[in-house]
Amino acid sequence: MKDDTLLTHAGNAPFENYGVVNPPVYHASTILSPTLEAYLARGSAKVRYGRSGTPTSFALEDAVAELEGGTGAVLTPSGLAAITTVLLACTRAGDHVLMTDSAYQPTRRFCDTILAKFGVQTEYYDPLIGGDIAALIRPETTVVYVESPGSLTFEVQDLPAIAAAAHDAGATVVADNTWGAGYYYKPLALGADIVLQAGTKYIVGHADTNMGVIVWKDHERYGTVRTDIQGLGVCAGPDDIYLALRGLRTMGVRLQRQQQSGLVLARWLADRPEVARVMHPALEGDPGHELWKRDFTGACSLFGFVLASDDMTALAAMMDGLQLHGMGASWGGYESLLIPTWPNKSRTATKWKETGQTMRIHVGLEDPDDLIADLEAGFERYRKAG
């Protein structure tokens with residue numbers, strides 16, 4: 001089936017639920033056994049305790065695993081929980097992790113604090129390194145982590161080349177696929193072993209629920225990730241899972257609309273005198289465009305741009321009067337967002353050389369003409385205050 005059909009039907013079993021189209025919400029902790037024999041054998045049962053999964057959670061896991069092209073999945077209560085639990089499950093004291101320098105900042109914070117406390121060393125690498133990452137891999141390197149494109153600076157990574165080098169050394173490749181959402185990007189088909197998403201973003205799609213999901217390619221090798229994660233007591237709540245399932249069904253049409261609107265805004269911004277550079281891999285001329293064309297089937301709503309100056313007074317005048325672009329963390333919802341970012345504050349392997357203010361924009365479901373009018377009024381305030 002094509003992805004849009006998968007999004008509509010994967011994980012559903014209506015005739016196991018009286019014909020109900022959407023899987024019902026199972027609120028459960030205790031699961032009763034009908035006999036002593038069944039109770040003693042409950043460890044092998046699929047549904048044995050609420051934290052271990054219910055038909056509600058299995059429906060979302062099965063659907064996302066099928067979308068990503070994996071053999072199994074497990075849910076977590078947030079995208080960050082997906083990141084941290086995978087890193088814990090795939091490392092032990094004395095291990096070495098190679099992490100892209102463009103990674104989501106909470107990922108870096110976890111590596112530099114909690115993971116370091118457990119004796120795991122993290123080394124950051126240039127996201128554009130490609131196959132040359134082989135020179136950084138050590139005998140103790142167990143994980144090579146990619147995030148393509150980077151969530152602030154939007155570098156597209158050469159995943160097949162990175163994965164080939166990692167696998168030659170026996171390392172596991174973990175890919176953060178929140179931007180591509182399993183719809184526009186398939187890291188497992190390009191060499192990743194484990195893929196994760198902040199389902200908070202595009203799967204949920206309504207800015208009202210946190211969700212994480214982890215999918216693995218080889219069940220024999222990585223199926224134990226589920227056991228390790230559940231051993232940490234990590235589980236997602238049933239109502240959040242239900243909202244994520246409902247959001248998943250419309251993700252394809254939302255992403256297609258947001259891709260179209262995002263490209264309209266990106267091209268408009270590229271022509272603005274206030275903008276020094278637009279960072280959108282689907283634009284011709286973007287440094288990552290050729291890799292994006294090779295590995296992706298589309299682009300999502302999130303991209304960046306750099307203003308011509310870093311004048312905070314002018315930026316405040318622009319931002320404070322915006323009517324349709326909210327200032328807030330996260331992205332992927334139906335509402336547009338715009339925030340300033342400072343990539344240079346966290347990078348260690350590479351230097352962010354842009355001198356103007358870096359911005360990140362998420363394009364929602366509003367009419368793009370209205371979004372442009374909102375930004376145009378903002379730029380007028382920006383010029384007057386600058």
Problem - Whichever residue in the stretch 157-200 is touching a Leu at 6+ places or on another chain (Cβ under 9 Å), of a type outside the set (A, V, I, L, M, F, W, C) and in a helix (DSSP H, G or I) and, among such residues, is surrounded by the most Cβ atoms within 10 Å (Cβ to Cβ) - result: PRO187
Problem - Restricting the stretch 344-383 to residues that are modelled with pLDDT under 95 and in a helix (DSSP H, G or I), the residue that is surrounded by the most Cβ atoms within 10 Å (Cβ to Cβ) - result: ASN344
Exercise for the section: Could you check how many residues of the stretch 32-62 are aliphatic (A, V, I, L, M) and either over 37 Å from the mean Cα position of the chain (by Cα) or within 14 Å of GLN230 (Cα to Cα) (or both)? Expected result: 5
Practice task
Search the stretch 321-366 for residues being free of Cβ contacts under 8 Å to residues at least 12 places away in the same chain and either touching a His at 6+ places or on another chain (Cβ under 8 Å) or not hydrophobic (A, V, I, L, M, F, W, C) (or both), and hand back the single one that is nearest to THR250 (Cα to Cα).
Solution key: GLY328
Practice task
Mind listing whichever residues of the stretch 184-205 are over 25 Å from ALA166 (Cβ atoms) and not aliphatic (A, V, I, L, M)?
Solution key: GLY199, THR200, LYS201, TYR202, GLY205
Practice task
Determine which member of the set ARG294, ARG267, ARG277 is out of contact with any helix residue (DSSP H, G or I) (no Cβ under 6 Å at 6 or more places or on another chain), within 20 Å of ILE339 (Cα to Cα) and surrounded by fewer than 15 Cβ atoms within 10 Å (Cβ to Cβ).
Solution key: ARG267
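This table checks each residue for (1) within 24 Å of GLU61 (Cβ to Cβ); (2) without any contact (Cβ under 8 Å) to a residue 12 or more places away in the chain; (3) in the same structural domain as GLY298 (by TED's automatic domain parsing).
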{"position": "THR91", "(1), (2), (3)": "yes, no, no"}
{"position": "PRO106", "(1), (2), (3)": "yes, no, no"}
{"position": "LYS117", "(1), (2), (3)": "no, yes, no"}
{"position": "THR122", "(1), (2), (3)": "no, no, no"}
{"position": "GLU140", "(1), (2), (3)": "no, no, no"}
{"position": "THR178", "(1), (2), (3)": "yes, no, no"}
Exercise for the section: Would you mind telling me which numbered condition in (1) of a type outside the set (Ser, Thr, Tyr); (2) crowded, with 21+ Cβ neighbours inside 10 Å; (3) not in a strand (DSSP E or B) VAL47 fails? Expected result: (2)
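The values are calculated or read from the model by the stated rules, or taken from the named source; none is laboratory data. Please read these numbers as outputs of a predicted model, since none were measured by experiment. FYI the Cβ positions are ideal-geometry reconstructions off the backbone, even for glycines, and counts take in every protein chain you see.
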